[in-house]
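A.B. asks: Pasting a structure below so you can have a look.
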Amino acid sequence: MKKLLFLTALIILNGSLFAQTLPCANDSLQYRYSLADPNYHSQRQSYIERINDYRQNPPTGSFIDYGDPSTALDLGCRTTRYVIPVVIHINHDTLVQVTDTQVYQQLQILNDAFLPFNVQFCLAKKRPNGIGFNGINRFSSIHNPTDNESANQMVNLTNVAYYNPSKYLNIYVVKEILENGQPSGYIGYNSNYPFQNYLDGIVLLHTRFGDSTSCYDCGPLAGGSRGKVLVHEVGHYLGLFHIFEGSCTGGNTAGTCDKEGDLCCDTRPVLGPLGSCNIDTSIRSCLNYHLSIPENRSNYMEYSGEACMTNFSPDQVSIMHASLELYRSGLIRTENVIIS
Ligand SMILES: [Zn+2]
């Protein structure tokens, strides 16, 4: 009985934290997949093994050369190792007015986070039919793509617009993310880890797209959007789990820290999500962890709130690079970057 009460209290505590801070629907969507797909756990396990093989024996010569800078891409969009063409699909209506400026600012925030790790996101230059455009695709609400749970929402969104996910990163900016027809409190999600074959893309609430200085719906900067939610979701897209994955059993020894939890030995396992930048959460520390490393409260894959999210750990970066090379190589191939 005591155990049940503890679990109930934990769920309530986590629920309140999720409500206040940075909830993404990633875990609830993955849980739904795990119930429906008998291969879910074996695919996840082989991902972990492949990633670790790659990390232990990284191939030489994998650096991608994008060649002559006078080709299709904008100057400045080939400054790094991995270039990913992006299309922003905006569910546009009288209540959701996302400007081009807001898109450019969000991309800048994304690149500020990833460029130090040799990953760059560039707005696509051509639609799948070869016609040029600016990487921004607006569609009307007539299809009502928000009026469903996240898994169904992806179906609706991709029915409206879905560029080949092996060539483009599809990002959808929507009015609402509902669960069971009700407002969910979720502000975004990544629909598909690199090792999965579900519909592939990232969904963001329009009030969390970009920075409060360019987004009139995003609230005052102190409590409003800083464009970090997309950084977090792209972390999932490139294979990262939350740093609280697995709670205190998530890789809590030197022998398991790269195989359990978030697969990172340089992020300390924690009981659950943090919930804010400053809250005293000493009870959530996992005391048996083999390294005396402090909790990383400012990690992008934490739920600490946008104001204090500033870093990826070296192990997280190695996972993202391995995911790109092993699972998303179509995106970053030179010929794709040039023609997309
Ligand atoms: Zn998340």
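The values are calculated or read from the model by the stated rules, or taken from the named source; none is laboratory data. None of the values given here were measured: they were computed from a predicted structure. Cβ placement follows ideal geometry from the backbone for every residue including glycine, while neighbour counts extend to all protein chains displayed.
A.B. asks: For the stretch 37-60, name all the residues that are closer than 25 Å to residue 272 by Cβ and loosely packed, with under 12 Cβ neighbours inside 10 Å.
C.D. replies: Across the stretch 37-60, the qualifying residue is only 41.
A.B. asks: Restricting to the stretch 82-133, name every residue that is charged (D, E, K, R) and touching a strand residue (DSSP E or B) at 6+ places or on another chain (Cβ under 7 Å).
C.D. replies: 100, 125, 126
A.B. asks: Exactly one condition in (1) assigned to a strand (DSSP E or B); (2) modelled with pLDDT under 90; (3) among the hydrophobic types (A, V, I, L, M, F, W, C) is not met by residue 72; state its number.
C.D. replies: That leaves (1) as the condition not met.
A.B. asks: So, in the stretch 224-256, of the ones that are part of a helix (DSSP H, G or I) and more than 10 Å from the ligand (Cβ to nearest atom), which residue ends up nearest to the chain's Cα centre (by Cα)?
C.D. replies: Taking the candidates together, the pick is 234.
A.B. asks: Further, regarding this structure: With the requirement that a residue be more than 13 Å from the ligand (Cβ to nearest atom) and in contact (Cβ under 8 Å) with a residue 40 or more places away in the chain, what does the stretch 22-40 give you?
C.D. replies: Matches in the stretch 22-40: 32, 33.
A.B. asks: Among the residues of the stretch 198-221, is any under 22 Å from residue 326 (Cα atoms) and surrounded by fewer than 19 Cβ atoms within 10 Å (Cβ to Cβ)?
C.D. replies: yes
A.B. asks: Could you check, for the stretch 180-187, whether at least one of its residues is modelled with pLDDT under 95 and touching a Gly at 6+ places or on another chain (Cβ under 7 Å)?
C.D. replies: No, the conditions are met nowhere in the stretch 180-187.
A.B. asks: Right, next: Residue 173 is checked against (1) more than 20 Å from residue 124 (Cα to Cα); (2) in a strand (DSSP E or B) and fails just one. What number does that condition carry?
C.D. replies: Residue 173 satisfies every listed condition except (1).
A.B. asks: If you scan the stretch 301-340, which residues turn out to be within 15 Å of the ligand (Cβ to nearest atom) and not in a loop (DSSP other than H, G, I, E, B)?
C.D. replies: 306, 316, 319, 320
A.B. asks: Collect the residues in the stretch 173-189 that are on the phi < 0 side of the Ramachandran plot and more than 16 Å from the ligand (Cβ to nearest atom), keeping them in residue-number order.
C.D. replies: Matches in the stretch 173-189: 173, 174, 175, 176, 178, 182, 183.
A.B. asks: Kindly indicate which of 164, 192 is part of a loop (DSSP other than H, G, I, E, B), within 16 Å of the ligand (Cβ to nearest atom) and assigned by TED's automatic domain parsing to the domain that holds residue 153.
C.D. replies: 192
A.B. asks: So which of 117, 121 ends up being touching a residue at least 24 places away in the same chain (Cβ under 8 Å) and either surrounded by fewer than 22 Cβ atoms within 10 Å (Cβ to Cβ) or not aromatic (Phe, Trp, Tyr) (or both)?
C.D. replies: Only one candidate passes the filter, namely 117.
A.B. asks: Right, something else. Here is a list: 29, 35. Which entry is part of a helix (DSSP H, G or I) and either over 20 Å from residue 244 (Cα atoms) or at pLDDT below 85 (or both)?
C.D. replies: 35
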